[in-house]
Amino acid sequence: MDARITGTILDRIVADRRIRLAEDRVRRPEAALHGLVRQASPAIDFAMRLRNGRRATPPGARLRLIGEVKRASPSKGVFDANLDAVAQARAYADAGAAAISVLTEPDHFKGSIADLKGVRRAFGDDSDRPALLRKDFIFDSYQVLEARAAGADALLLIVMMLEPEALVSLLAQTRALGMQALVEVHDEAEMRVALDAGATVLGVNNRDLRTFTEDLGTTERVAAAVPEGITLVAESAIRHAADARRMAACGAHALLVGEALVTTGDIAGKARELMLVGDVLDEVRA
């Protein structure tokens, strides 16, 4: 099971991730992870959170929000090197986010698996807590096991960087461990691969990983071909209510937002803006 060459920034990230993965296997063998998984509380239903929200979701919210704990990115550089993952996650939860994405990639995004563990501990046994998504560049079964051991309810699988058979295998392992996958695509062809593999939660990345250009039209184009019953998440390039309205109008159930929330001085206000609290939409996917 392995990643494939894409001709994008993903290749460099995956190369660095391989080095870290080898170190992680030595530091914490799979047997230890299996022990932690056995002790872990059951995962929250990620898709259900993205469709129904939480009790803490603001009344009148038209979209669900996945708030991302993100210190940096290859395209935008460092947002906040000293970002406190737990404090940021608590702020997202208080603002009514349905889920929290925790970046655990260390070299390019300045995250760590410790961030995910810390966030999970902080929510304890709160039954209304946000679902937790491990966002990383996952191509190995060890990383899936590690996600569940750290308390993830869901994880990211990127179609562009995985052979179709690897996607199927990783998706099956994710489900066997009680988690769900946010399967990320960039165009209609990748969407078909994701659906053929059995994806039920689809993320559409509005950023072209070859050029780093952003285009909300990406989600609009892909959404037009998404079958009923699929939970649709719009990712990247969403900063203002106008962006959120476009995503809602084409059928998105939720938004995954990092930069706009990390750099705002008002997380609660920005979250309400992006969830379109009290806003009127022309069309929302059933």
Inset, instruction - All but one of (1) within 30 Å of Thr6 (Cα to Cα); (2) modelled with pLDDT of 95 or more; (3) charged (D, E, K, R) hold for Arg210, so report the exception by its number. - result: (2)
Inset, instruction - Would you please list the contacts, defined by Cβ atoms under 6 Å and residues six or more apart or on different chains, that run from a residue in segment 96-118 that is on the phi > 0 side of the Ramachandran plot and touching a residue at least 12 places away in the same chain (Cβ under 8 Å) to a residue that is crowded, with 18+ Cβ neighbours inside 10 Å and of a type in the set (Gly, Ala, Ser)? - result: Lys110/Ala72
Inset, instruction - Tell me which residues, restricted to segment 139-163, are touching a Lys or Arg at 6+ places or on another chain (Cβ under 9 Å) and either more than 21 Å from Pro42 (Cα to Cα) or among the small types (Gly, Ala, Ser) (or both). - result: Phe139, Asp140, Ala147, Ala149, Ala150, Gly151, Ala152, Ala154, Met160, Met161, Leu162, Glu163
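Looking for something farther than 21 Å from Ala47 by Cβ and surrounded by fewer than 21 Cβ atoms within 10 Å (Cβ to Cβ) - is there at least one such residue anywhere in segment 166-180?
If we filter segment 166-180 for residues that are farther than 21 Å from Ala47 by Cβ, which is where we start, we get 166.
Okay, now just the ones that are also surrounded by fewer than 21 Cβ atoms within 10 Å (Cβ to Cβ), so 166.
Yes.
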Inset, instruction - Collect the residues in segment 63-84 that are crowded, with 23+ Cβ neighbours inside 10 Å, farther than 15 Å from Arg129 by Cβ and not basic (Lys, Arg), keeping them in residue-number order. - result: Leu63, Glu68
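So, restricting to helices (runs of 4 or more DSSP H) that lie completely within segment 76-179, which ones have at least 3 residues that are closer than 26 Å to Asp208 by Cβ?
Values: elements: 85-94, 113-123, 141-149, 164-176.
In segment 76-179, the matching helices (runs of 4 or more DSSP H) lie at 164-176.
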Inset, instruction - Kindly list, by first and then second residue, each pair from a residue in segment 119-130 that is touching a residue at least 40 places away in the same chain (Cβ under 8 Å) to a residue that is surrounded by fewer than 21 Cβ atoms within 10 Å (Cβ to Cβ) and part of a helix (DSSP H, G or I), limited to pairs with Cβ atoms under 6 Å and residues at least 6 apart or on different chains. - result: Val119/Val86; Arg129/Phe123
Inset, instruction - Kindly indicate whether any position in segment 19-38 is within 21 Å of Asp243 (Cβ to Cβ) and either among the charged types (D, E, K, R) or touching a His at 6+ places or on another chain (Cβ under 7 Å) (or both). - result: no
Legend entry - Top-ranked residue in segment 85-109 [being among the aliphatic types (A, V, I, L, M) and under 23 Å from Leu21 (Cα atoms); ranked as surrounded by the fewest Cβ atoms within 10 Å (Cβ to Cβ)]: Ala85
Inset, instruction - Mind listing just one residue for me: the one in segment 244-283 that is touching a Phe, Trp or Tyr at 6+ places or on another chain (Cβ under 8 Å) and surrounded by fewer than 23 Cβ atoms within 10 Å (Cβ to Cβ) and, of those, farthest from Ala98 (Cα to Cα)? - result: Thr263
Inset, instruction - Among the strands (runs of 3 or more DSSP E) lying completely within segment 183-286, list those that include at least 2 residues that are touching a residue at least 12 places away in the same chain (Cβ under 8 Å) and farther than 23 Å from Gly60 by Cα. - result: 201-205
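The values are calculated or read from the model by the stated rules, or taken from the named source; none is laboratory data. Note that the coordinates shown come from a computational prediction; the quantities given were computed from them, not determined experimentally. For neighbour counting, all protein chains shown are included, and Cβ atoms are generated from backbone atoms with ideal geometry for every residue, glycine included.
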